[in-house]
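Comments concern the structure below.
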Amino acid sequence: MKYLIRTQFTAFLVAACSLLAGGQLMAQGTLTGSVTDSETGESLIGVNIVINELNLGMATDAEGEFEFTDVPAGDYVLEARYVGYQPYEEEISVRNGQVTNVDIEMQQGTSELDDVVVT
């Protein structure tokens, strides 16, 4: 009798964990995109793409593209930064089991750096 109860309890735990793990996998999506120069349309290589809320970041590849997989479903701010261009921010929504695509056109710009003192 004790063996039967243990077996049933173990089967229940395995089923519950499987459902929870499956739910977690379903609650994720994919975020893809590309980054180009807004004036020339050329792909930008090595642009820093960041989702601060998730502590995720990467750089665009040789085609100016990026892909985050297994992103938890939710609303985030996507940031793109590249030397010589204005910072870019966009609110995005990642949905369960879906691919969200963001095409970013960055505008050239300048930014001032702090003074450097050489001694």
Residue by residue through region 53-76, note down the ones that are surrounded by fewer than 12 Cβ atoms within 10 Å (Cβ to Cβ), touching a residue at least 24 places away in the same chain (Cβ under 8 Å) and under 25 Å from residue 108 (Cα atoms).
-> 63
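Among residues belonging to region 77-113 that are of a type in the set (Asp, Glu) and without any contact (Cβ under 8 Å) to a residue 40 or more places away in the chain, point out the one that is surrounded by the fewest Cβ atoms within 10 Å (Cβ to Cβ).
Residue satisfying both the conditions and the ranking: 112.
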Select from region 31-51 the residues that are part of a strand (DSSP E or B) and among the polar types (S, T, N, Q) and write down the one among them that is surrounded by the fewest Cβ atoms within 10 Å (Cβ to Cβ).
-> 32
Could you say whether any residue in region 11-23 is at pLDDT 95 or above and of a type in the set (Ser, Thr, Tyr)?
-> no
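The values are calculated or read from the model by the stated rules, or taken from the named source; none is laboratory data. The structure presented is a predicted model; accordingly, all values stated were derived computationally and were not measured. Neighbour counts are summed over all protein chains in view; Cβ atoms, including those assigned to glycine, are modelled from backbone coordinates with ideal geometry.
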